Amino acid sequence: MYIDGEGMLDNDQPGELTYTEEEVVAAVDEAHRRGLLAVCHARGAEAVRIAVHAGMDIIGHANVLDDETVELLRSVRDRIFVVPAIEWHVGLWERGAEFGVTREFLEATGYQEELSETISSVKRMKEAGVRVLPGGDFGFNWSPHGTYARDLQNFVEYFGYTPKEVLLAATRDAGAAMRPRGMIGTLESGKLADLIVVEGNPLEDVRILQEKERIVGVMKDGKWYHNDFVSFAEPIVSHLV
């Protein structure tokens, strides 16, 4: 659900509400009745508050927050997740001109200012214990599919996460967001054996996960879908399953 606006739309800016709280409550109720997750776009503080009160499961963006909203998110940190989708901003700023979106346009529409606000908001949410996840808003020329690991670097460089913290956010916490009853996100008895084997140590430099040639093994539910590490494959499968 698109609860408030977007800086690139002249007639619908961040903070300009597109739904009432009653409408959002009805949508969330219908999603949950059908066993679905309720996910929204909410950039401004008021939109985020509406999302929380309505029972949204995942909030996209949450760029500009005030003290009241940060405290509200803290109070529901055990059930809610936030995805800032920072690569949309970073990609636009770094590569937008290649696709006709100039820095002059981005400055005029407040995108650089919003990037700064997002950095501040995420740091405050992190301090409040809110589960903030990498990902979101991929599939554009400046943030194409297949480059999701760049967001791990963004969390370290812009938000002050350690490599370990962002890897836990991308696995343990994202797994909890997508499958609240478990099964994915951590390697535990009874869960799906999903893992990536990489050459190198992402705890020292998380950027290595962007180098596809370093990915020597990909397992889904105990089955290898990509494996250049054949001599060690069987012991790993036996151990996990």
Discussion item. Could you go through segment 131-140 and let me know if any residue there is in a helix (DSSP H, G or I), of a type in the set (Asp, Glu) and open to solvent by 40 Å² or more (accessible area, probe 1.4 Å).
Written reply: no
Fill in: Hits in segment 204-215 - residues which are in a helix (DSSP H, G or I) and either modelled with pLDDT of 95 or more or loosely packed, with under 13 Cβ neighbours inside 10 Å (or both)
Val206, Arg207, Ile208, Leu209, Gln210, Lys212, Glu213
Discussion item. Return the pair list, or none, for Cβ contacts closer than 9 Å from residues in segment 51-72 that are polar (S, T, N, Q) to residues that are open to solvent by 40 Å² or more (accessible area, probe 1.4 Å) and not in a loop (DSSP other than H, G, I, E, B), at least 6 apart or on different chains.
Written reply: Asn63/Glu117; Thr69/Glu46; Thr69/Arg49
Response to the item:
Within segment 141-152, the residues that are closer than 17 Å to Leu92 by Cβ and surrounded by fewer than 16 Cβ atoms within 10 Å (Cβ to Cβ) are Asn141, Pro144, His145, Thr147
Discussion item. Any residue at all in segment 218-235 that's open to solvent by 70 Å² or more (accessible area, probe 1.4 Å), of a type in the set (Gly, Ala, Ser), modelled with pLDDT under 95 and over 16 Å from the mean Cα position of the chain (by Cα)?
Written reply: yes
Fill in: Members of segment 1-35 that are at pLDDT 95 or above, among the charged types (D, E, K, R) and either touching a Gly at 6+ places or on another chain (Cβ under 7 Å) or part of a loop (DSSP other than H, G, I, E, B) (or both)
Arg34
Item to complete: Could you check, for segment 180-203, whether at least one of its residues is open to solvent by 40 Å² or more (accessible area, probe 1.4 Å), more than 18 Å from Leu37 (Cβ to Cβ), in contact with a Pro (Cβ under 6 Å, 6 or more places away or on another chain) and among the hydrophobic types (A, V, I, L, M, F, W, C)?
Response: yes
Worksheet item: Here are some residues: Arg124, Arg95. Which one is of a type in the set (Lys, Arg), modelled with pLDDT under 95 and open to solvent by 40 Å² or more (accessible area, probe 1.4 Å)?
Response: Arg95
Discussion item. Give all pairs with beta carbons closer than 8 Å in which a residue from segment 194-217 that is within 22 Å of Gly175 (Cα to Cα) meets a residue that is assigned to a strand (DSSP E or B) and of a type in the set (Lys, Arg); count only pairs at least 6 apart in sequence or on separate chains.
Written reply: Asp194/Lys220
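The values are calculated or read from the model by the stated rules, or taken from the named source; none is laboratory data. The shown structure was predicted, so the numbers you read here are calculated from the model rather than taken from an experiment. So basically every Cβ, Gly included, is an ideal-geometry build from the backbone, and we count neighbours across all protein chains shown. Side chains included, ligands, DNA and RNA excluded: accessible areas come from the protein's heavy atoms. Shrake-Rupley method; radii C 1.70, N 1.55, O 1.52, S 1.80 Å.
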